[in-house]
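One structure below.
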Amino acid sequence: MKLAAVYAIADLALAEQSEVVTSAYGGAEVSFGPDYLIPKPFDPRLIVKIAPAVAKAAMDSGVATRPIEDFDAYLEKLTQFVYKTNLFMKPVFAQAKQDKKRVLLTDGEETRVLHAVQEIATLGIAQPVLLGRTHIIAEKIKKLGLHLEAGRDFDIIDIENNPHYEQCWQSYYNKLKRQGMTPAGAKRKMLHNPTALGSVLLELGKADAMLCGLVGPYPSHLNAIKEFNGVKAGAIPATVNGLVLPTGNLFIADTFVNPNPTAEELAEITLMSAEEVRRFGIEPQVALVSHSNYGSANDENAVKMRQVLKLVQEKAPDLIIDGEMHCDIALSESLRNEVMPDSPLKGAANLLIMPTMEAARISLNLLQGTATPITIGPILMGVNKTAHILTSASSVRRIINMVAVAAVKAQQEA
């Protein structure tokens with residue numbers, strides 16, 4: 001068993017770098033050599049590599065009197081200790097593996113993206129397509145010590161040597177020429193705006209889904225997607241974020257797009273958000289959140305949220321929804337029973353619809369800052385193609401999770 005542990009440690013020391021370790025050491029490169037003979041204590045892979053190796057050795061030698069019957073389940077349980085989203089994302093990962101989709105990552109040269117691609121290749125949840133310069137990606141993979149091979153683990157569309165360049169700029173120009181676009185402008189966009197290029201590649205079927213946004217402001221990426229891919233009929237673009245909290249899973253909308261949506265827009269956002277929650281195998285329980293509590297105030301936002309309730313109940317009578325209510329009432333059944341004992345909500349609400357983007361973003365940031373949750377999203381809804389816009393703060397784990405979310409959505413909307 002000691003020998004098994006030694007071999008597992010040695011294999012891990014020779015393996016690709018972990019982004020968690022790199023971050024813990026201030027971005028310093030850590031690869032096998034005189035200064036890195038054994039894995040660092042921060043490496044999250046230690047428990048999922050060494051413990052199974054020791055357990056298997058104990059079983060093979062006959063020391064273990066109660067052998068592990070399902071080793072895959074054992075590994076999955078260990079992984080849950082390391083990655084808090086593992087159980088939450090399990091149904092999404094399982095679905096993504098059923099039909100691997102081509103997910104375009106427009107920030108293909110980013111270190112976090114390359115670390116994510118390493119894990120995506122291991123999990124088998126998608127076929128990543130990286131947008132970037134081939135030589136830069138190859139250099140970074142080597143520098144990071146990743147075990148990745150272009151053509152096997154991922155594909156590359158070289159932004160400087162794009163085989164689809166002519167088709168891309170012509171498609172872009174033809175679609176937007178009546179909106180002030182010129183051939184020269186279309187050519188520049190396809191060379192210098194990865195999100196615009198990604199939107200065209202999606203339209204041309206070169207990828208099934210897209211992730212962008214690690215660099216640059218959210219609205220600029222959204223505008224590029226809306227401009228070329230467009231918005232679904234009868235829908236509006238909106239976002240929902242998921243949070244894995246110690247007390248349970250929680251979704252919040254609209255966190256990034258609509259500053260002050262109307263009641264009709266919020267009703268549509270509610271229905272789209274509920275559908276996204278169901279993709280995680282969770283039945284949505286929706287709370288319309290307000291400073292007003294079941295009619296205690298009559299200002300504009302309070303009245304708006306009451307109108308949302310009526311509109312949603314008309315469109316989706318089977319959806320479990322209630323409001324308008326205080327946030328603590330939404331999250332506590334005992335408090336809610338004191339003021340509204342016949343509320344259709346049972347337990348804590350898992351989808352909070354906020355009256356404004358400001359309220360949604362403040363709530364999201366407050367929870368992120370105090371409860372140190374794992375965040376999923378922002379999940380973009382309402383656009384014609386499967387595209388999601390990450391934020392500059394997105395971790396490697398969030399990128400992996402969002403690739404799975406995008407892959408499943410692409411499957412369902414194919």
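The values are calculated or read from the model by the stated rules, or taken from the named source; none is laboratory data. Keep in mind the model is a prediction, meaning the values are calculated, not measured. Note that each Cβ is placed from the backbone with ideal geometry, even for glycine, and that neighbours are counted across all protein chains shown.
Restricting attention to the range 164-194, report how many residues are of a type outside the set (A, V, I, L, M) and part of a loop (DSSP other than H, G, I, E, B).
4
So which residues in the range 272-282 are part of a helix (DSSP H, G or I) and surrounded by fewer than 19 Cβ atoms within 10 Å (Cβ to Cβ)?
Matches in the range 272-282: Glu275, Arg278.
Checking the condition modelled with pLDDT of 95 or more and touching a helix residue (DSSP H, G or I) at 6+ places or on another chain (Cβ under 7 Å), which residue from Gly347, Gly382, Gly323 passes?
Gly382
Yes/no matrix, rows are residues, columns are (1) touching a His at 6+ places or on another chain (Cβ under 8 Å); (2) β-branched (Val, Ile, Thr); (3) buried (at least 16 other Cβ atoms within 10 Å of the Cβ); (4) under 21 Å from Glu276 (Cβ atoms):
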residue: His192; (1), (2), (3), (4): no, no, no, no
residue: Thr195; (1), (2), (3), (4): yes, yes, yes, no
residue: Ala207; (1), (2), (3), (4): no, no, yes, yes
residue: Met210; (1), (2), (3), (4): yes, no, yes, yes
residue: Val215; (1), (2), (3), (4): no, yes, no, no
residue: His221; (1), (2), (3), (4): no, no, yes, yes
residue: Asn229; (1), (2), (3), (4): no, no, yes, yes
residue: Ile236; (1), (2), (3), (4): no, yes, yes, yes
residue: Gly242; (1), (2), (3), (4): no, no, yes, yes
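Show me the helices (runs of 4 or more DSSP H) entirely contained within the range 298-354 in which 3 or more residues are assigned by the TED database to the domain that holds Leu367 and more than 26 Å from the chain's Cα centre (by Cα).
300-315, 333-339
Among the residues of the range 396-414, which ones are over 18 Å from Lys100 (Cβ atoms) and surrounded by fewer than 17 Cβ atoms within 10 Å (Cβ to Cβ)?
none
Which of the residues that make up the range 128-149 are among the small types (Gly, Ala, Ser) and modelled with pLDDT under 95?
Scanning the range 128-149 gives a single hit, Gly145.
Does Leu243 fit the bill of being closer than 12 Å to Pro378 by Cβ and in the same structural domain as Met354 (by the TED database)?
yes
Report the residue count in the range 128-157 for those that are surrounded by fewer than 19 Cβ atoms within 10 Å (Cβ to Cβ) and within 19 Å of Ala406 (Cα to Cα).
Residues flagged as surrounded by fewer than 19 Cβ atoms within 10 Å (Cβ to Cβ) and within 19 Å of Ala406 (Cα to Cα) within the range 128-157 amount to 3.
Among the residues in the range 370-386, are any β-branched (Val, Ile, Thr), surrounded by 20 or more Cβ atoms within 10 Å (Cβ to Cβ) and not in a strand (DSSP E or B)?
So far as the range 370-386 goes, yes, one or more of its residues are β-branched (Val, Ile, Thr), surrounded by 20 or more Cβ atoms within 10 Å (Cβ to Cβ) and not in a strand (DSSP E or B).
Give me the pairs: first residue in the range 300-313 and in contact (Cβ under 8 Å) with a residue 12 or more places away in the chain, second residue surrounded by fewer than 20 Cβ atoms within 10 Å (Cβ to Cβ), beta-carbon distance under 6 Å, and six or more apart or on different chains, which are they?
Lys304/Ala263; Gln307/Ala263; Val308/Ala263
Leu201 fails exactly one of the following numbered conditions: (1) in a helix (DSSP H, G or I); (2) out of contact with any His (no Cβ under 8 Å at 6 or more places or on another chain); (3) crowded, with 23+ Cβ neighbours inside 10 Å. What is the number of that condition?
If we test Leu201 against (1) in a helix (DSSP H, G or I); (2) out of contact with any His (no Cβ under 8 Å at 6 or more places or on another chain); (3) crowded, with 23+ Cβ neighbours inside 10 Å, just (2) comes out false.
Kindly indicate the residue of the range 174-187 that is of a type outside the set (A, V, I, L, M, F, W, C) and closer than 15 Å to Lys226 by Cα and also modelled with the lowest pLDDT among those meeting that condition.
Looking at residues that are of a type outside the set (A, V, I, L, M, F, W, C) and closer than 15 Å to Lys226 by Cα, I get Gln179.
Here is a check on your reading of the model: is Leu367 outside any helix (DSSP H, G or I) and either without any contact (Cβ under 8 Å) to a residue 24 or more places away in the chain or not acidic (Asp, Glu) (or both)?
For Leu367, the condition - outside any helix (DSSP H, G or I) and either without any contact (Cβ under 8 Å) to a residue 24 or more places away in the chain or not acidic (Asp, Glu) (or both) - is not met.
Return yes when Asn161 is surrounded by fewer than 16 Cβ atoms within 10 Å (Cβ to Cβ) and either among the aliphatic types (A, V, I, L, M) or part of a loop (DSSP other than H, G, I, E, B) (or both) and no when it is not.
Answer is yes for this residue.
What pairs come up if the first residue lies in the range 138-167 and is within 21 Å of Met210 (Cα to Cα), the second is hydroxyl-bearing (Ser, Thr, Tyr), and their beta carbons are under 8 Å apart, counting only those six or more places apart or on different chains?
Ala150/Thr134; Ile156/Thr134; Asp158/Thr134; Asn161/Thr134
Is there any pair linking a residue in the range 372-395 that is within 20 Å of Asn229 (Cα to Cα) to one that is among the basic types (Lys, Arg), with Cβ under 7 Å and at least six apart or on different chains, and which?
Close Cβ pairs (under 7 Å, with a partner that is among the basic types (Lys, Arg)) amount to Gly382/Lys232; Val383/Lys226; Val383/Lys232; Asn384/Lys232; Thr386/Lys409.
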